[in-house]
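Nothing in this text is a laboratory measurement; each read-out follows from the coordinates by a stated rule. Note that the coordinates shown come from a computational prediction; the quantities given were computed from them, not determined experimentally. Backbone-built Cβ (ideal geometry, glycine too); neighbour counts: all protein chains shown.
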């Protein structure tokens, strides 16, 4: 069996002259192809139309335009039976054309994800914005009646809420960049012990939960990472441990496999069941009812893998979850 026939999406490949070379089983079913399509004109085989009745080839003119053109973005089209499908195409330098056709159910899933994102953003932005607005309004209305200590407390709270807003916006931008493959990293040799210690000190200052840090790496050990992105991952992991644990959060930095350093974060919460661990690093995944945007661990997975590292979940010795990330000591992004 042709491996392409096992794919759930329709695939059509045409040569530089617009003649079909391959049409897999799903494509033949979707396009209601009865005979052998090989050698037939692409416009005849690709029986797709838009709401006005125009064809895909006619509308997109994949063989025209600039020589630097590399593809046709995803668009909604109709099959001969009226079913909606999503169609995208990749164009090679010799003008060979690869076309993917997938069910319109993907559009519904994408719409749901967008709705979830809007709801998440609205919920997460509302709390700090409410705090900022409330304290600023109080300062404006009662400035002369407040003493310096009260003013300082309010301004400090506004500053903290502003930082929270900035961080959420940065996370949302990173989510979009990971989804579209446009994430930019600026890695360099970095001291992981210093970066992790800063995160632990910062999170400890904002919580009453105990956070213990153990570093067993050699003095001067370095990892090849973007320091800002590494700090973002560590912050998400430590805050996740604080949010979902009930006791001490333990952070450990130690040597890993050759060429890697290992960061382990243990909490004392309820843990993550083995059957759920594959879902943890998807968008909007939440465990329990303790809040959060549901984007933190998605970013952890995306940013760690973008550096050529790995992330896994296990059981912490004291019960609860253990999240293990491994970071390269050299540039492994191509891996």
Residue 29-residue 93 FRET efficiency (beta carbon distance; Förster radius 22 Å; 0.05 resolution): 0.10
Length gained when the stretch residue 115-residue 47 is fully extended (0.36 nm per residue, less Cα-Cα span): 21.3 nm
Folded to 0 to 90 degrees: helix 105-142 orientation relative to the chain principal axis, Cα: 30 degrees
For the range 183-335: Kirkwood Rh in Å [reciprocal of mean 1/r, alpha carbons]: 15.4 Å
Mean separation of Cα contacts under 8 Å (6+ apart) over length of the chain, as relative contact order %: 10 percent
Rg ratio (alpha-carbon, reference 2.2 N^0.38 Å) - the chain: 1.30
Degrees, to the nearest 10: 227-244 long Cα axis against longest axis of the chain: 70 degrees
The range 1-63 and the range 188-213: distance between their alpha carbon centers, rounded to Å: 55 Å
Antiparallel bridges, percent of DSSP beta bridges restricted to the range 188-328 (to nearest 5): 80 percent
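In whole percent, what relative contact order does the range 3-103 give with Cα contacts below 8 Å and a gap of six or more residues? Kindly include the intermediate steps, with their values, before the conclusion.
Details: 198 pairs, mean separation 27.5, N = 101.
Taking the mean separation of contacting Cα pairs over the length of the range 3-103, I get 27 percent.
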Folded to 0 to 90 degrees: helix 192-205 orientation relative to the chain principal axis, Cα: 60 degrees
Gaussian network model of the chain, springs between alpha carbon atoms under 10 Å - residue of 230, 135, 281 with greatest fluctuation: 135
Most fluctuating residue given options 40, 170, 306, as computed from a GNM of the chain linking Cα atoms under 10 Å: 40
Rg and Dmax of the range 3-103, Cα atoms only, in Å: 12.5, 35
Packing-based ranking, highest mean first, of 41-54, 173-186, 253-266 given that Cβ atoms within 10 Å are counted: 253-266, 41-54, 173-186
Relative contact order (%) - criterion: Cα under 8 Å, at least six apart; region: the range 212-335: 30 percent
Share of Cα-Cα pairs in the range 101-211 lying beyond 22 Å, as whole percent: 60 percent
Modelled FRET efficiency - R0 30 Å, residue 59 with residue 126, Cβ distances, 0.05 increments: 0.10
